[in-house]
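Structure record follows, encoded as structure tokens.
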Amino acid sequence: GASLGTAGTNATLTLLGVSAAQAGSYFVQVSNALQTVTSSTATLTVLPVPPANDNFANRAPLTNGHPITGYTFGATREPGETNHASLVGARSVWWSWIAPSTGDFQLVAISTNLSAPLAAAVYRGNSLTALTEVKSGISTISTNQTDLAQVAVNFSAVAGMSYAVVVDHGASSAAFFTLSI
């Protein structure tokens, strides 16, 4: 809704060092003596780096049946953090989940354009150094046209019990992924 500069021919908008204040909807208007045409809107979302749930103490809530998108840009490995699914990871992100009922559940994490295994794990415990693994798994990589890492972890849970969920990988690059229980 506000001009970002003077009108010009072949103008380019470049945003460097993007901050949260620059998040929003962007569009372009092109005009001549006869008409003005407005482009479709492009939405710029600025994510915090590292992710807000980079550390175990800052686990984000995860609900049943609602896939979420996560990312590992700027994520780190905490001192004392275990290897998830025997993977020496470097970019872990954490969630907390409360089992809605007693029974069997499946944690699924899927990432594209990640050329390294993706690990996912479910733990019980209230501190990083006192976790008990419930179940963990590690993906295989499919390189058929795009790098696809998918891991599914089947586990049993007790109604009302709180669990810690982690996704991690050891790649030097970062990734977006979807996660659901």
Checklist outcome for this item: With the first residue restricted to the stretch 93-105 and required to be more than 20 Å from His169 (Cβ to Cβ), and the second required to be open to solvent by 80 Å² or more (accessible area, probe 1.4 Å) and part of a strand (DSSP E or B), Cβ contacts under 7 Å at 6 or more apart or on different chains are Ser96/Pro61; Asp104/Asn154
Item to check | For Asn126: the one exception among (1) open to solvent by 80 Å² or more (accessible area, probe 1.4 Å); (2) outside any loop (DSSP other than H, G, I, E, B); (3) closer than 17 Å to Val158 by Cα | outcome: (2)
Checklist outcome for this item: Selection over the stretch 53-102 where residues are touching a strand residue (DSSP E or B) at 6+ places or on another chain (Cβ under 8 Å) and among the acidic types (Asp, Glu) yields a count of 1
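Quick one: is Val108 under 27 Å from Ala171 (Cα atoms), open to solvent by less than 60 Å² (accessible area, probe 1.4 Å) and under 26 Å from the mean Cα position of the chain (by Cα)?
Details: under 27 Å from Ala171 (Cα atoms): yes; open to solvent by less than 60 Å² (accessible area, probe 1.4 Å): yes; under 26 Å from the mean Cα position of the chain (by Cα): yes.
Yes, satisfied.
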Checklist outcome for this item: Considering residues that are at pLDDT below 95, in contact with a Leu (Cβ under 8 Å, 6 or more places away or on another chain) and surrounded by 17 or more Cβ atoms within 10 Å (Cβ to Cβ), the number found within the stretch 53-74 is 3
Checklist entry - Pick from the stretch 88-104 the residues that are over 19 Å from Leu179 (Cβ atoms) and at pLDDT 90 or above: which of them is most open to solvent (accessible area, probe 1.4 Å)? => result Thr102
Checklist entry - Any residue in the stretch 75-87 that is exposed (fewer than 13 other Cβ atoms within 10 Å of the Cβ) and under 13 Å from the mean Cα position of the chain (by Cα)? => result no
Checklist outcome for this item: Considering residues that are assigned to a loop (DSSP other than H, G, I, E, B), hydrophobic (A, V, I, L, M, F, W, C) and either open to solvent by 70 Å² or more (accessible area, probe 1.4 Å) or touching a strand residue (DSSP E or B) at 6+ places or on another chain (Cβ under 6 Å) (or both), the number found within the stretch 20-52 is 8
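The values are calculated or read from the model by the stated rules, or taken from the named source; none is laboratory data. Nothing here was measured: the structure is a model prediction, and the numbers come from that model. Counting neighbours? That spans all protein chains shown, and the Cβs are built from the backbone with ideal geometry, glycine included. Please note that ligands, DNA and RNA were not included when accessible areas were found on the heavy atoms of the full protein model with its side chains. Shrake-Rupley method; radii C 1.70, N 1.55, O 1.52, S 1.80 Å.
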